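Chemist: The following block contains the structure, expressed as structure tokens.
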Amino acid sequence: MDKLSGLASKLGGNKGSNQSSGQEDYADKGLDSAESKLSGGKVDPAKMRSTNEKITDTGRDQFEKATGKNVPDKFSN
């Protein structure tokens, strides 16, 4: 049984448990794009991923607090 669960975790990975493993929503992509354009390409968005994630999460929280509505799923991971 342990072999099966080990094999399943290797094949299936951690689906849905951590979205930051390569999947970016529209807010993250927009911030990365703006950052690249405004810096003249000197900033690598992959290196700034954790900082950018905090920025977009704060923006989502502030939106939800101000409007009382949830951010649509395609804009939020």
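Chemist: Lys pairs in segment 23-77, Cα-Cα under 24 Å, at least 8 apart or on separate chains: how many?
Modeler: Step by step, the pairs that qualify in segment 23-77 add up to 16.
Chemist: For segment 23-77, what is the relative contact order in percent, using Cα pairs closer than 8 Å and at least 6 residues apart in sequence? Please list the in-between numbers first.
Modeler: Values: 30 pairs, mean separation 26.2, N = 55.
The value is 48 percent.
Just so you know, all these numbers are worked out from the coordinates, no wet-lab data involved. Just so it is clear, the structure is predicted and the values come from calculations on it, not from any experiment.
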